[in-house]
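Student: Starting off with a structure, shown below.
The values are calculated or read from the model by the stated rules, or taken from the named source; none is laboratory data. Treat the numbers as computed from the prediction; the structure is a model and nothing was measured. With ideal geometry, Cβ positions are generated from the backbone for all residues, glycine too; neighbour counts draw on all protein chains shown. Areas reflect the complete protein model, heavy atoms only, side chains present, ligands, DNA and RNA absent. Shrake-Rupley method; radii C 1.70, N 1.55, O 1.52, S 1.80 Å.
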Amino acid sequence: MDFYNIKQNSKYAYQHVIGKQHSYTYSQQFVEFIVRQIENNPTTFVQSLKAKK
C-alpha cells in the first residue's frame, strides 16, 4: 500500500470512518493495477517492493 501510495488515491481506495475507526475498501481498478504491475515484471515484483521498504 505504501509503495504505491494507494490509500491516498481515491481511484483505488475509499476510506470508511466510523467514530475513531478507519478502514478501507479497494476498487477493482486497484486489483487490475496490481495485476498489471506483476505481469510487467513477474520475476522481480516482490523484490522491488521489499527493496523500497
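Student: Only residues that are assigned to a loop (DSSP other than H, G, I, E, B), open to solvent by less than 80 Å² (accessible area, probe 1.4 Å) and closer than 17 Å to Gln37 by Cα: list them for segment 4-21, please.
Tutor: Once the filter is applied, which keeps residues that are assigned to a loop (DSSP other than H, G, I, E, B), open to solvent by less than 80 Å² (accessible area, probe 1.4 Å) and closer than 17 Å to Gln37 by Cα, segment 4-21 yields Tyr4, Asn9, Tyr12.
Student: Here are the criteria: (1) in contact (Cβ under 8 Å) with a residue 12 or more places away in the chain; (2) not in a helix (DSSP H, G or I). Tell me which single one Phe33 does not satisfy.
Tutor: Failed condition: (2).
Student: Which of the residues spanning segment 25-53 are surrounded by 13 or more Cβ atoms within 10 Å (Cβ to Cβ) and closer than 21 Å to Gln8 by Cα?
Tutor: Tyr26, Ser27, Phe30, Phe33, Ile34, Gln37, Leu49
Student: Another question about this same structure. Quick one: which of Tyr12, Tyr4 is modelled with pLDDT under 90 and of a type outside the set (Lys, Arg)?
Tutor: Tyr4
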